[in-house]
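Asker: One structure is given below, represented as structure tokens, and several questions about it will come after.
The values are calculated or read from the model by the stated rules, or taken from the named source; none is laboratory data. If you're wondering where the values come from, they're calculated on a predicted model, not measured in any experiment. Glycine also receives a Cβ, built like all others from the backbone with ideal geometry; neighbour counts cover every protein chain displayed.
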Amino acid sequence: MDYPPSGDQARAVESVFTPDRVREDVLAVADAAGAERFAWFGYSWSGVVGLQLALRTQRLSALICGGWPPLGAPYREMVRVAGAIAERSEQPKNMATFYRGLESWPEYEALSRLTVPRLAFAGSKDAIVTDGLTARIGPLVAEHSAEPSGWVGWCGRSITSGMR
């Protein structure tokens, strides 16, 4: 699946690239493949997508969410980071639209309903740093790993990701 869309395709969906739209697109691919239920492994943005799939459909049988904290996630920071990257590179702002759709999402309440087996992991120093903006990833996984949420959390040593 060549996703998320880029170039002209991204411009065409820029204003409607919401978490619900992403869920619909992914489930359309699963339908085409004949996958009624499936496990999801995602890292970074794909981890966010898997998290939203697990919460917005009953079709996931398991979830591995790497490089993204399921609890305390930096959605507001990612709106700014994605917007800054789009402006600097003159790219569509579809990723900012996606994260904006999650800024006021009630993650704790939503995650309390999650029943599939799940694992979250990130490097202990994993962070997205660009244009003077920082979104902490690994430290948030570590900070929330002791909460009674049903997540198996793990933070490794010093993995970092820098979006440029």
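Asker: Take the residues of segment 105-117 that are more than 12 Å from Gly72 (Cα to Cα) and in contact with a Leu (Cβ under 9 Å, 6 or more places away or on another chain): which is surrounded by the fewest Cβ atoms within 10 Å (Cβ to Cβ)?
Answerer: Out of the qualifying residues, it is Arg113.
Asker: Just to be sure, is Arg23 modelled with pLDDT under 95, more than 13 Å from Asn94 (Cβ to Cβ), among the basic types (Lys, Arg) and surrounded by 12 or more Cβ atoms within 10 Å (Cβ to Cβ)? Walk me through how you get there before you give the answer.
Answerer: Details: modelled with pLDDT under 95: no; more than 13 Å from Asn94 (Cβ to Cβ): yes; among the basic types (Lys, Arg): yes; surrounded by 12 or more Cβ atoms within 10 Å (Cβ to Cβ): yes.
Judged against the criteria, Arg23 is not a match.
Asker: Being in contact with a Leu (Cβ under 9 Å, 6 or more places away or on another chain) and part of a strand (DSSP E or B) is the filter; apply it to segment 118-140 and report the residue that is surrounded by the most Cβ atoms within 10 Å (Cβ to Cβ).
Answerer: Ala122
Asker: Take the residues of segment 69-88 that are out of contact with any Pro (no Cβ under 9 Å at 6 or more places or on another chain), in contact (Cβ under 8 Å) with a residue 40 or more places away in the chain and in a helix (DSSP H, G or I): which is farthest from Trp45 (Cα to Cα)?
Answerer: So in segment 69-88, the residues out of contact with any Pro (no Cβ under 9 Å at 6 or more places or on another chain) come out as 70-80, 82-85, 87-88.
From the residues that got through so far, the ones that are in contact (Cβ under 8 Å) with a residue 40 or more places away in the chain too are 70-74, 77-78, 80, 84-85, 88.
Restricting the remaining residues to those that are in a helix (DSSP H, G or I) gives 77-78, 80, 84-85, 88.
On the way: Glu77: 14, Met78: 10, Arg80: 15, Ala84: 16, Ile85: 14, Arg88: 20 Å.
Per the stated criteria, the residue is Arg88.
Asker: Name the residues in segment 78-104 that are surrounded by fewer than 19 Cβ atoms within 10 Å (Cβ to Cβ) and among the aliphatic types (A, V, I, L, M), would you?
Answerer: Within segment 78-104, Ala84, Ala86, Leu102 qualify.
This table checks each residue for (1) among the hydroxyl-bearing types (Ser, Thr, Tyr); (2) in contact (Cβ under 8 Å) with a residue 24 or more places away in the chain; (3) under 23 Å from Ala120 (Cβ atoms).
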| site | (1), (2), (3) |
| --- | --- |
| Ala10 | no, yes, no |
| Val16 | no, yes, no |
| Arg23 | no, yes, yes |
| Ala28 | no, no, no |
| Gly42 | no, yes, yes |
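Asker: Here's a follow-up. Considering Ser6, Ser15, Ser61, Ser44, which residue is within 18 Å of Ile137 (Cα to Cα) and hydroxyl-bearing (Ser, Thr, Tyr)?
Answerer: Numbers: Ser6 fails: within 18 Å of Ile137 (Cα to Cα); Ser15 fails: within 18 Å of Ile137 (Cα to Cα); Ser61 fails: within 18 Å of Ile137 (Cα to Cα).
That would be Ser44, the only listed residue that is within 18 Å of Ile137 (Cα to Cα) and hydroxyl-bearing (Ser, Thr, Tyr).
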